[in-house]
Amino acid sequence: MKIVMLGHKYVPSREGGIEIVVEELSSRLVSLGHQVTIFNRKRKNYQKIDSHKGCAIEEVFTVDKKSLDAIIYSLFATLKIRKLIKNKKVDIVHYHAEGTCLFLNLLQKKAKRKGVKLIVTIHGLDWQRGKWKGFASKIIKKAERKIVKYADDIIVLSKNNYNYFKETYGRETNIIPNGVVQPEFHDPEIIKEKYGLTKNSYVLFLARIVPEKGVHYLIDAWKLVKKQINTNMTLVLAGGDSHCSDYFNEIMDKVKGDSSIITTGFVEGQELQELYSNAYLYVLPSDVEGMPISLLEALSYGNTCLVSDIPENTEVINEDCFVFKKGDVDRLRHQLKKIINLNINSHTDSIISYTWDEVVNRTLKIYRR
């Protein structure tokens, strides 16, 4: 099949979960003999490439401005796809995320005539995310309604999102959770040299620094814990900005001068693997999620995890994990303090809950039916 993937920002990248999903899914589809074209966003800070892991890469014009990026990108991407459909050069158009589906209606009639399937993966209810407010949130809700009306099939990552589309729109969707790769364990080498970190000496937050990830709750709870108990533990915030510069700068100001908190920016490769391999505890205090890949990765490394009690988190964790009420700083403080005092043994049982090969097989069934 000839497949187009779009909706992400840039591949290859770990800027967000969508980028990881598009890369893992596309590269495996190519290995099975399919032709995949990935529509990257064209930005000055993104290197221009023509291919990656057997996938063709095309750049799509956009503007690097939070309020316009997704709209401009999705318009120009959709116009490119109209030409591909007209010339019979595509069989499957696979959109990722709600915000980029605003112009899905421009494809529906032409796609139906040519036998092209329109697939959309919902990576979470984007209009709920803290970085999208007012007009932007309304635009995303409008895109959501177009997905329901025009997509041939919808993929969601969690039971909670499945129930939302069923109850809100009466629309059936397909649950295909995200996958995770086999972990590579490393002793602390890079992280010891760069940050002075050793095994089990730190609590890890690893995600984008955006409001819905709840890192502000974690910082507030951490500072309370440090006042209440004597511990040499460090809090590591591994992640970068993603269209939320004001919030990111606010977080950086919040931790400035606190020697017990380390910020790393985006991490990848061995440094990322070392952070997972040696953390005492992984924390994800999200308000909103689709299906957090970083949590799946933390579990695959056998990390003890502490997460907010939203369904998208609690559906994933195992019995060795801990939860707290979403947004409740005092309960987060209580759990952090308790877990630090427990002196637990992390990394005892690696868990691969979902594999990318399984994700690909289930996605292909939807493509073919």
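From the list ASN345, ASN313, ASN249, ASN341, pick out the single residue that is at pLDDT 90 or above and more than 30 Å from ASP126 (Cβ to Cβ). Just a single option satisfies the conditions, and that option is ASN341.
Residue-level check: of (1) in contact (Cβ under 8 Å) with a residue 24 or more places away in the chain; (2) assigned to a helix (DSSP H, G or I); (3) closer than 30 Å to SER67 by Cβ, LYS223 misses just (3). Among the residues making up the stretch 239-281, those that are among the hydroxyl-bearing types (Ser, Thr, Tyr) and either surrounded by fewer than 15 Cβ atoms within 10 Å (Cβ to Cβ) or in the same structural domain as GLU15 (by TED's automatic domain parsing) (or both) are SER245, SER259. Among residues of the stretch 75-104 being hydroxyl-bearing (Ser, Thr, Tyr) and within 19 Å of the chain's Cα centre (by Cα), the one that is surrounded by the fewest Cβ atoms within 10 Å (Cβ to Cβ) is THR100.
Residues that are part of a helix (DSSP H, G or I) and surrounded by fewer than 21 Cβ atoms within 10 Å (Cβ to Cβ) were ranked within the stretch 1-34; the one that is modelled with the lowest pLDDT is GLU19. The selection criterion, being assigned to a strand (DSSP E or B) and either touching a helix residue (DSSP H, G or I) at 6+ places or on another chain (Cβ under 9 Å) or closer than 15 Å to LEU237 by Cβ (or both), does not hold for ILE317.
ARG333 meets each of the listed conditions (1) assigned to a strand (DSSP E or B); (2) surrounded by fewer than 23 Cβ atoms within 10 Å (Cβ to Cβ) apart from (1). If you go through the stretch 145-161 and keep only what is in contact with a strand residue (DSSP E or B) (Cβ under 9 Å, 6 or more places away or on another chain) and modelled with pLDDT of 95 or more, you end up with ILE147, VAL148, TYR150, ALA151, ASP152, ASP153, ILE154, ILE155, VAL156. Against the numbered list (1) over 14 Å from the mean Cα position of the chain (by Cα); (2) surrounded by fewer than 21 Cβ atoms within 10 Å (Cβ to Cβ); (3) closer than 30 Å to TYR164 by Cα; (4) not polar (S, T, N, Q), ASP287 comes up short only at (1). Before we move on, is ILE209 outside any helix (DSSP H, G or I), out of contact with any Pro (no Cβ under 9 Å at 6 or more places or on another chain) and not assigned by TED's automatic domain parsing to the domain that holds SER300? So ILE209 does not fit the description; no. When every residue of the stretch 122-135 is checked against the conditions, none turns out to be over 20 Å from GLU212 (Cα atoms) and surrounded by 22 or more Cβ atoms within 10 Å (Cβ to Cβ). If we scan the stretch 113-129, do we find a residue that is of a type outside the set (Ser, Thr, Tyr), part of a helix (DSSP H, G or I) and farther than 30 Å from GLU315 by Cβ? Within the stretch 113-129, one or more residues are of a type outside the set (Ser, Thr, Tyr), part of a helix (DSSP H, G or I) and farther than 30 Å from GLU315 by Cβ. Inspect all residues belonging to the stretch 180-193 and state whether any of them is within 28 Å of LYS66 (Cβ to Cβ), assigned to a loop (DSSP other than H, G, I, E, B) and touching a residue at least 12 places away in the same chain (Cβ under 8 Å). No: zero hits.
Do the conditions hold for THR62, that is, is it at pLDDT below 95 and buried (at least 16 other Cβ atoms within 10 Å of the Cβ)? Yes: the conditions hold for THR62.
Considering only the stretch 238-253, I want to know if a residue exists there that is free of Cβ contacts under 8 Å to residues at least 60 places away in the same chain, in contact with an Asp or Glu (Cβ under 8 Å, 6 or more places away or on another chain) and part of a helix (DSSP H, G or I). Yes, there is a match, as at least one residue in the stretch 238-253 is free of Cβ contacts under 8 Å to residues at least 60 places away in the same chain, in contact with an Asp or Glu (Cβ under 8 Å, 6 or more places away or on another chain) and part of a helix (DSSP H, G or I). Among the residues examined, THR37 does not qualify as part of a helix (DSSP H, G or I), closer than 22 Å to TYR367 by Cβ, out of contact with any Ser or Thr (no Cβ under 6 Å at 6 or more places or on another chain) and not small (Gly, Ala, Ser).
The values are calculated or read from the model by the stated rules, or taken from the named source; none is laboratory data. Quick caveat, the model's predicted, so the values are computed rather than measured. When we count neighbours, we look across all protein chains shown, and the Cβ atoms used for this are built from the backbone with ideal geometry, even at glycine.
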